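Encoded as structure tokens, the structure appears first; notes follow it.
The values are calculated or read from the model by the stated rules, or taken from the named source; none is laboratory data. This one's a predicted model, so the numbers in the text were calculated from it and none came from an experiment. Note: ideal-geometry Cβ built from the backbone for every residue, glycine included; neighbour counts use all protein chains shown.
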Amino acid sequence: MLISKAYAAAEEVSDTLAGAPGAGEAFAWNMGLVLVLVVLFYVLLIMPQQKRFKEHSQMLQGLKKGDKVVTGGGLVGKIEKIEEGNDEVVVDLGSGMKVTALRSTIHGKDEPLLRDKPSNDPKEKKKSL
């Protein structure tokens, strides 16, 4: 009596497993999903980073004397001296203060953030009125 129920249950399980994918098919689906994730990772993370690196390298190669730049430390100034093949750049911060910075630490040049803006200081606004 108990044995016949066990055989009946085993037959039902084997019937439901008949529609399940085989080991090869499951492996192929898993590898397909991994491949999709790798492609997404490349498109969303690696490609934009490579593009930014290339643009930054081109900007550094195009620097010349007189360009307004921002250094890695947030200092804003104009390039006083730059030589081809030399990694050091002399940046004039104004009031006769000059610093030497590595070319690779320059973050940007002649950006809208560097252009003269109206001051947020209330005293400055009163003077202009």
**Message:** Going through 72, 94 one at a time, which residue ends up being touching a residue at least 12 places away in the same chain (Cβ under 8 Å) and on the phi < 0 side of the Ramachandran plot?
**Reply:** 72
**Asked** Counting residues that are at pLDDT 90 or above, which helices (runs of 4 or more DSSP H) fully inside the range 1-113 reach at least 1?
**Response** 23-41, 47-61
**Asked** Which of the residues spanning the range 72-84 are within 27 Å of the chain's Cα centre (by Cα) and more than 12 Å from residue 110 (Cα to Cα)?
**Response** 72, 73, 74, 75
**Message:** Please go through the range 21-64 and give me each residue that is basic (Lys, Arg) and in contact (Cβ under 8 Å) with a residue 12 or more places away in the chain, ordered by number.
**Reply:** 64
